[in-house]
Amino acid sequence: MKTSYLKFIFILIAAVCLFSFSDSMSQVKLGFVDSETILKQLPEAQKVQTELEGLQKSYLDTVQSKESEIKSKADIFKTRYDEAQKKVESGLIKSEAEMKSLQDEIGELQREVQTMDENLSLYKQNIQNVLIARQSELFKPVKEKITKTIEEIAKTMKINFVFDKADGTL
């Protein structure tokens with residue numbers, strides 16, 4: 001008898017909770033926005049995007065300049081290497097000192113090309129990090145403005161949750 005009484009109370013509490021929960025759920029309003037679309041149409045965001053594109057173009061011009069330097073240095077290395085090979089094969093290099101000098105020259109050119117290439121890779125990584133940081137820095141006030149406006153509208157319209165289609169957040 002005692003267990004059936006406890007079961008009855010448990011079922012009664014569960015039913016009350018279920019009904020009160022369903023009542024509160026009927027009052028929940030959801031909203032959906034696409035902040036990415038808003039961002040693309042906002043004049044401030046377009047200005048920021050133009051600034052970022054200008055910055056990116058200047059960095060790309062520098063990268064292309066460095067790449068052409070590396071290419072010309074690599075061409076010089078290849079030419080000197082081919083010339084050295086021909087001298088060795090034809091027997092024009094006879095002494096160990098001449099051979100050592102030629103190897104040092106070729107080795108130095110090779111190291112220069114490798115160093116320039118490594119520096120360019122580091123520069124590209126640095127540029128990418130700088131651009132990402134700059135983008136975040138420039139877009140932060142614009143995104144805050146969008147978020148604040150969405151929150152104000154949601155509050156005015158008594159919307160409980162607003163989902164952003166662009167990044168899936170509340």
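The values are calculated or read from the model by the stated rules, or taken from the named source; none is laboratory data. For clarity, every value in this text was computed on a predicted model and none was experimentally measured. For neighbour counting, all protein chains shown are included, and Cβ atoms are generated from backbone atoms with ideal geometry for every residue, glycine included. SASA here: full protein model, heavy atoms, side chains in, ligands and nucleic acids out. Shrake-Rupley method; radii C 1.70, N 1.55, O 1.52, S 1.80 Å.
Against the criterion of solvent-accessible heavy-atom surface with a 1.4 angstrom probe, 132, 150 sort, most first, into 132, 150. Eigenvalues of the alpha-carbon gyration tensor of the range 23-75, scaled by 5 and square-rooted, set the equivalent ellipsoid semi-axes at 49, 15, 5 angstrom, largest first. The heavy atoms of residue 59 offer some 60 square angstrom of accessible surface to a 1.4 angstrom probe. Bridging of residue 40 to aspartates and glutamates at a Cα separation below 16 Å is possible for 51, 53, 144, 164, 167, once same-chain residues fewer than 8 apart are set aside. A convex hull fitted around the alpha carbon atoms of the range 112-170 yields 74 Å³ per residue.
Note that the range 56-96 carries a Kirkwood radius of 12.4 Å, evaluated over its alpha carbons pair by pair. Apply 1/(1 + (r/R0)^6) to the Cβ-Cβ distance of residue 40 and residue 152, taking R0 = 25 Å, and write down the FRET efficiency to the nearest 0.05. Computed FRET efficiency for residue 40 and residue 152 comes out at 0.75. Solvent-accessible surface (1.4 Å probe) assigned to residue 149 amounts to roughly 60 Å². Karplus-based coupling profile of the range 114-121, in residue order and whole Hz: 5, 5, 4, 5, 5, 4, 5, 4, with θ = phi - 60° in 6.51 cos²θ - 1.76 cosθ + 1.60 and x standing for Gly or Pro. A quarter of the convex hull surface defined by the alpha-carbon atoms of the range 21-170 gives 14.9 nm² as the mean projection.
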